[in-house]
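The values are calculated or read from the model by the stated rules, or taken from the named source; none is laboratory data. Quick caveat: nothing in here was measured; it's all calculated off a predicted structure. Reconstructed Cβ throughout: ideal geometry from the backbone, glycine too, with neighbour counts over all protein chains shown.
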Amino acid sequence: MLWSIGRFGLRAAAAAILGFSLAGAAPPPADDDLVDEAVKKTGEEERVFNPNGNNGIVDIAASIDQAVFGTQGAQNHSPQERLELRLQKRVDLLARDAALSEDQKQKLLFAGKGDIGRFVERVEHFKTRRQTAKADVNRFDWDQLFKETQPLVASRISLFANESLFAKTLAKVLSAEQQARYEKIERERAEFQHRTGVQLTVLRMSTALGLSGDQRQRLEQLLLTETRPGRGANRIYPTTSFNIVYVQMAHLPAERLRPLFEPWQWRALKRRLENAVRFEEGLVRNGVVLDGGKGPQFGRRGQKQEPASGLGAATK
Amino acid sequence: MSRSFFLVRWGLLLVLAATAVGLRAQPPRADALGPLRAQLQVELQFVRKICAPSQPQMQAITKDLEKCLADAAKRTGPSSCDLLPPALADSVANHLSKSDAARYRAEVLKRDAQEREACVYTFVALVDPDLGLSDHQRKALVAALLPVWKPVWSQMIEMDVRWATRRVPPIPDDFILPLLDADQAQAWKRLPKNLEIHQVFDAQRIGAIGTPNPLPDDE
């Protein structure tokens with residue numbers, strides 16, 4: 001009987017240890033947040049590439065496609081088709097905003113398809129250079145491939161911007177009147193998005209810091225006057241609008257923000273804004289620029305006064 | 001005899017192991033509130049700013065809020081987007097003086113109004129590129145939606161901002177279509193809608209940036 005109790009005691013201890021370790025093994029759920037849409041997707045997609053590693057062999061071409069073009073919509077459309085759909089949406093919105101004629105629409109579609117063709121060709125060329133042989137899935141250097149595809153990802157994001165055929169054609173085909181109309185509509189849209197970004201920023205700060213109605217109003221007013229709208233080569237989602245305002249808020253001089261808050265709120269806010277720099281990197285990567293031409297830009301701003309975040313050294 | 005002794009012994013072992021799992025996995029109070037604990041911090045910070053309650057008041061408020069949120073987590077009390085926030089406000093106001101309670105409730109109304117406005121703006125900004133709205137239409141939509149906006153739609157919008165669900169609230173066509181032209185109306189009908197209209201309050205909607213620090217910051 002004693003022997004039996006002794007064995008029971010040992011088993012009990014083992015069971016307790018097992019129980020503790022099992023419970024401890026469950027990690028808390030990873031916290032995600034208001035991360036720039038395009039950045040978030042790219043981050044997720046980059047880490048799932050190569051589902052085609054059948055029998056331990058990497059399909060490098062498929063992995064490159066996933067890294068460069070992403071996975072969204074990949075089940076129904078080829079990479080080229082997805083870019084063409086993006087172009088069509090862009091032209092449809094433009095046609096509406098600038099009252100384009102059918103001829104102007106066709107010219108823009110033609111130019112955009114040219115950009116797409118050139119880009120797809122670049123990707124194919126990259127694949128040919130990179131795909132010398134099929135690789136063993138366990139020895140394949142994913143980080144290296146990820147690094148090498150980054151310039152292509154950046155080109156995809158800004159496919160119809162800056163020096164693209166699309167952008168040049170757009171500048172050429174629009175009459176002065178259409179150009180003015182289009183500019184006005186884009187500016188109004190950017191201002192609405194900016195107001196949305198300000199509202200979202202105030203909402204987030206309100207829950208984080210317990211702001212009163214008066215504080216929210218003063219913060220909203222300050223952000224509306226002291227921050228600028230942003231524009232990107234791609235669609236600006238509300239998440240991006242938030243990031244645009246939040247990053248600018250982190251760069252505001254501390255003396256502009258501090259008077260709005262209680263000392264305990266200000267300490268909490270300062271700590272929070274220190275993390276805003278990670279959002280700035282995402283905005284820069286996605287080609288988001290601040291409206292207005294003059295003044296600081298994301299990723300390159302001089303610091304004359306102590307910013308609210310204390311991030312003087314971190315900004316370039 | 002030996003068979004029943006064997007069964008009892010293994011039964012005890014299982015109970016012991018399960019208890020160990022329970023103790024390890026549940027630090028005091030954390031599990032009863034689950035993800036709703038973030039909302040406890042939101043409410044405590046808010047009342048701290050608005051009324052600066054005494055320490056005994058704060059303790060009583062905390063206790064009541066925890067009970068309310070624990071009941072919501074277990075679904076034995078109000079847990080929906082419509083019912084939980086008013087229940088939380090009652091849990092706070094019950095421990096304040098009459099004048100403080102009135103001030104607190106007035107601030108809650110202002111806070112709700114700001115959340116509603118932010119979410120309406122976000123909704124319009126979200127659908128704008130698909131519908132190709134004019135500036136006049138955007139402003140008209142904001143004005144039309146503010147008075148009819150539902151609390152659950154705010155949660156849908158906040159979750160969409162956080163997780164990019166790409167589903168918009170199922171706002172009745174009656175509120176939207178009169179402000180759109182025929183092409184825009186078709187585009188609105190094609191947009192994927194979030195049809196889960198009976199949602200429990202989800203504290204994750206505020207994200208990490210909107211979540212207060214868990215400990216008092218009095219240093």
Could you list, in sequence order, the residues of the range B:155-214 that are among the aromatic types (Phe, Trp, Tyr) and modelled with pLDDT under 95? B:Trp163
Evaluate the following for A:Arg90: is it within 16 Å of B:Pro129 (Cβ to Cβ), basic (Lys, Arg) and over 25 Å from the mean Cα position of the chain (by Cα)? no
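Could you tell me which of the residues A:Gln199, A:Gln215 is in contact with a Cys (Cβ under 9 Å, 6 or more places away or on another chain), part of a helix (DSSP H, G or I), surrounded by 15 or more Cβ atoms within 10 Å (Cβ to Cβ) and not assigned by TED's automatic domain parsing to the domain that holds A:Asp103?
Values: A:Gln215 fails: in contact with a Cys (Cβ under 9 Å, 6 or more places away or on another chain).
Matching residue, one of A:Gln199, A:Gln215: A:Gln199.
Please indicate, with yes or no, whether at least one residue in the range B:154-172 is over 30 Å from B:Lys74 (Cα atoms) and away from every other protein chain (no Cβ under 12 Å). Steps first, please.
Filtering the range B:154-172 for residues over 30 Å from B:Lys74 (Cα atoms) gives B:172.
Those left that are additionally away from every other protein chain (no Cβ under 12 Å): B:172.
Scanning the range B:154-172 turns up at least one residue that is over 30 Å from B:Lys74 (Cα atoms) and away from every other protein chain (no Cβ under 12 Å).
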Could you go through the range B:97-115 and let me know if any residue there is within 14 Å of chain A (Cβ to nearest Cβ), within 30 Å of B:Gln186 (Cα to Cα) and part of a helix (DSSP H, G or I). yes
Can you find, within the range A:163-196, the residue that is surrounded by the fewest Cβ atoms within 10 Å (Cβ to Cβ) among those that are closer than 22 Å to A:Gly287 by Cβ and polar (S, T, N, Q)? A:Gln179
Within the range B:151-168, which residues are of a type outside the set (Val, Ile, Thr) and surrounded by fewer than 21 Cβ atoms within 10 Å (Cβ to Cβ)? B:Pro151, B:Met159, B:Trp163, B:Ala164, B:Arg166, B:Arg167
